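These notes concern the structure reproduced below.
The values are calculated or read from the model by the stated rules, or taken from the named source; none is laboratory data. Predicted, not measured: the structure shown is a model, and the values here were computed from it. Glycine gets a Cβ as well: all are built from the backbone with ideal geometry, and neighbour counts include every protein chain shown. Ligands, DNA and RNA are stripped out before the accessible areas are found, and what is left, the full protein with its side chains, is counted by its heavy atoms. Shrake-Rupley method; radii C 1.70, N 1.55, O 1.52, S 1.80 Å.
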Amino acid sequence: MKDTVTQLLEAAIAALQADGVLPADQTFTPNVDNTRDKAHGDFATNIALATAKAAGKPPRQLAEALIDKLPASKAVQKVEIAGPGFINFFMSDASSFDIVRTIIESGENYGRNDNGQGESVQIEFVSANPTGPLHVGHGRGAAIGDCLARLLQANGYKVSREFYYNDAGAQIDNLALSVQARAQGKTPDDEGWPADGYRGDYIIDVAKAYLAGETVTADDREVTAKADAGDLDAIKAFAVAYLRREQDLDLKAFGVEFDVYFLESSLYSGGKVEETVRMLTDNGYTYEKEGATWLRTTEFGDDKDRVMRKTDGGYTYFLPDVAYHLDKWRRGYTTVINEQGADHHSTVTRVRAGLQALKTGIPQGWPEYVLHQMVLVTRSGEEVKLSKRAGSYVTLRDLIDEVGRDATRFFLAARRVDSQLTFDIDLARSQTNENPVYYIQYAHARICSVLRKLGAEGVQVDRQALAERLDGLALEEERDLANRLAQYPELIANAAAQREPHHVTHYLRDLAGQFHTYYNAHKVLVEDESIRDARVALCLAVQQVLVNGLSLIGVGAPEEM
RNA sequence: GCGCCCGUAGCUCAGCUGGAUAGAGCAACGGCCUUCUAAGCCGUGGGUCGUAGGUUCGAGUCCUACCGGGCGCGCCA
C-alpha cells in the first residue's frame, strides 16, 4: 500500500518536472513514512519539504502543486497538507482491509520477498572451541545468528550456517591435560594439576566417559575412547568429540543447526596457512623483527603491526583467521556475516587488513561483522555468575533447562546487538503478562480457541472463502490491526537489510497487544454472519503473521496455553 | 592513554535511511470476568532524550568536545 502512494507521488513529481516547476535534470525520490499519529493519516511524505529548495518555492505551496498532479486512485480517500509542508494520505477502508485477503492467500509466504534473488550468503556464528559447555554469550550469538539466517532466507537469500572451531591448538592441549589429570584422580587444587587447566566439573564427566570406553557421536565426528589414561592424543580426540557432542545437544535443544563445521586444523593440513603466508610475503607486507615475522597491518588501517609467526615458529591465531576467510571468499561468498561477541572486536580490523594484504580483490569492508555486547544474568535482582557444571560461567543449558527454549531464544534476540543485555531469569520464567513471550503466544492461542469454538458450532473454516468476506470490517481497532499487519513485509526487509533481528520481537509484541485490545473490546463470533466471517478472517490474518514472525526467531506458536 | 559500543520515564528497553505534541512494557494507583482462555483489557500519574556547543526549514537521531558505564588494547582464541 505504501508502494501505491510512492507510485502516485512519482507520477506527480514527473508531471511537475514536465511543467518546469521542478528541475528535470535531478532525480527526486519520494520518502513515504508510516505515520505515528493517526491524525496524520496512514502515510506521510516530506517530499515537499525536501525539494522546496530545488523548486525555489515554499514547501506548502509545492505540496499543493504536487497534490494537484496526483493521479486519481481508489485506494486513497483523502490527502491533506499539514504542518510545515507534509502531505498526509488517508487510505480507504477497502484498500486497508485488502491486506487481510493477501495474508490469508499468501499464508506462510506473507512477508517473504525475493530481494536476495537467490544470492548465497554465509553466516558464521557461535564458533565456540570444544573446551567446555556453551555459555550465555554463545546463546546470544546463536539466537542472533540463527534469526539473521532465517531473516535472510525470508528475503530470498540462500543461507549457509557455519561453525568454525579450533581442534588442535594450545587450548585443546590444555583440555587434554585437564581430562588426563581427572582420569588420574587429581582435582584442581592438587599437586600436579596442569597450570591454567579447566577446572569445571564437566571435565570429570569427560574423564569418566573416556575411562569407560564410551563412543560419542557429534554432528561432525564420532570417536570411541581408548580408556588409556596415558595416551594424551587419544584423550584429546575423545575430549574434543565429547564436548562437540555436548555443544550440539545444547544447540539442538535451542533449535539451531549448522550446515558446515569448519576445523582450524584443516587450514594447516590443507596447506592453506602456508599459502596465505606465501601470498603475504610475496606481496611484501611482512618483515622480521625480534625473531618473529610481522605483518604490516598498519598499511590497512590497523594501529600497529601484528605478529603472524611467533619466535617459536608457530602462528598466531590471526593468521589462520585470514586463511579461513580467504577460503570463504574462494568459496564464492560475496556476502559473509560473522556474528561474534564484541570482546573479539579487535580481530575485525586485523582480519580485514590481512585480507587486503593478499591483493586478491577482496573488498575493503569484507567480511561483515555483527558483534553483540555482553550478557548479564540476574536472579532475584542479583547477578548470577556461576554454574555448577562449568564453574566460572552460566551455561546456555542452564537457561534452557530453567526457563525453556522459547523464552531463552526470545529474550536473547530481543535487544539491539550493540547494547548489553540483562537476562532476568525471574522475568523469563514468569507466566504472566510481564513476560512478552507468553503474551505473544497467548494471542495466538486465543485465536486458535476462537477457531475451535467456531468449529464446535459446526461451522467449517474455509480460509479462501473467508478471505473474500471482508465487508464486515469497519471498526477502528480493525483498521489499526490491518495497518499493523500491512507493515510486516517492510519490517522483514528492513530487519534483514540492517542485520537487526530485534525488530521482529518488538513488532510481535505490538501486534499481540493490538490483538488483545481488539479481542477484549469486541466479540468475534457474533450472530451477524457477515460480520462474524470478516472478523474470523482478520483473526486468521493475525494468526498467520504471528506464526510467520515467531518462526523467524525460532519460537513456537502453541494452540493452547 | 588509545580504539569500539552504550547513556531516552523509578526499572527493562523501542524510536525505521533527521521530520510534526518523544513511545511500549513492568512497577504505582483506580476500574473490568453469568459473554469466544483475566497468562487478558481500560484509565491515571511519570521525561532538561548524560552535559555543552555546532550543522539546518527541522536533531533523541548527524558532527565536535567533555562526563559516566561496558569491552578490547598478548609472540592467547
List the trypsin sites (Lys or Arg not before Pro) within region A:396-428 that DSSP assigns to loop and that have no more than 16 neighbouring Cβ atoms inside 10 Å. A:416
Net charge (Lys, Arg +1; Asp, Glu -1) of residues whose beta-carbon lies under 13 Å from that of residue A:385, residue A:385 excluded, is -1
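Taking the DSSP beta bridges in chain A as the whole, what percent of them are antiparallel, to the nearest 5? Spell out each step's value before the answer.
Details: 27 of 49 bridges.
For chain A, the DSSP antiparallel bridge percentage is about 55.
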Using a simple spin-label model with points 7 Å from Cα along the Cα→Cβ vector, what separation in nm is obtained for residue A:257 and residue A:475? 4.2 nm
Computed over the Cα atoms of chain A, what is the convex hull's projected area averaged over all directions, in nm²? 33.1 nm²
So if the hydrodynamic radius of region A:14-173 is defined as the Kirkwood radius over C-alpha pairs, what does Stokes-Einstein give as its diffusion coefficient at 25 °C and 0.890 mPa s, in µm² per second? 120 µm²/s
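In what sequence, highest mean first, do A:199-206, A:387-394 appear when ranked by Cβ atoms within 10 angstrom? Mind showing how you got there, number by number?
On the way: A:199-206: 19.6, A:387-394: 18.0.
Ranking the peptides A:199-206, A:387-394 by packing returns A:199-206, A:387-394.
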For residue A:312, the accessible surface traced by a 1.4 Å probe with all protein chains present amounts, in square angstrom to the nearest 10, to 120 Å²
Ranking by accessible area, most exposed first, for A:53, A:78 with a 1.4 Å probe: A:53, A:78
What does the accessible area of residue A:334 come to, in Å² to the nearest 10, when a probe of 1.4 Å is used? 90 Å²
Starting from region A:210-277, pick out the GluC sites (Glu not before Pro) whose DSSP state is loop and whose Cβ has at most 13 other Cβ atoms within 10 Å. A:257
Would you mind computing the Rg to Rh ratio of region A:220-273 from its alpha-carbon coordinates, Kirkwood style for Rh? 1.06
The local net charge around residue A:208, scoring Lys/Arg +1 and Asp/Glu -1 for residues other than residue A:208 whose Cβ lies under 12 Å from its Cβ, equals -2
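Using a 1.4 Å probe over the heavy atoms of the protein chains, calculate the carbon and sulfur portion of the accessible area of chain A as a whole percent. Write down the numbers at each step before the final one.
Details: 11330 of 25090 Å².
The C+S portion of the solvent-accessible surface of chain A is 45 percent.
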Sort A:453-461, A:423-431 by the packing proxy (mean of other Cβ within 10 Å over each peptide's residues), most packed first. A:423-431, A:453-461
Filter the trypsin sites (Lys or Arg not before Pro) in region A:299-344 to those in DSSP coil with at most 13 other Cβ atoms within 10 Å of their Cβ, and list the result. A:304, A:310, A:331
To the nearest 10 Å², what's residue A:561's accessible area with a 1.4 Å probe? 120 Å²
HN-Hα J couplings of region A:358-365 from phi, Karplus 6.51/-1.76/1.60, θ = phi - 60°, integer Hz, Gly and Pro as x? 6, 6, 10, x, 6, x, 4, x
What percent do you get for the relative contact order of chain A when only Cα pairs under 8 Å and 6+ apart count? 15 percent
Which value in nm describes the separation of the simple spin-label points at residue A:497 and residue A:109, placed 7 Å from the Cα toward the beta carbon? 2.2 nm
Would you mind working out the accessible area per residue for region A:1-112, using a 1.4 Å probe, and quoting it in Å²? 52 Å²
So what are the three principal axis dimensions of region A:170-256 from its Cα atoms, in whole Å, longest to shortest? 42, 24, 22
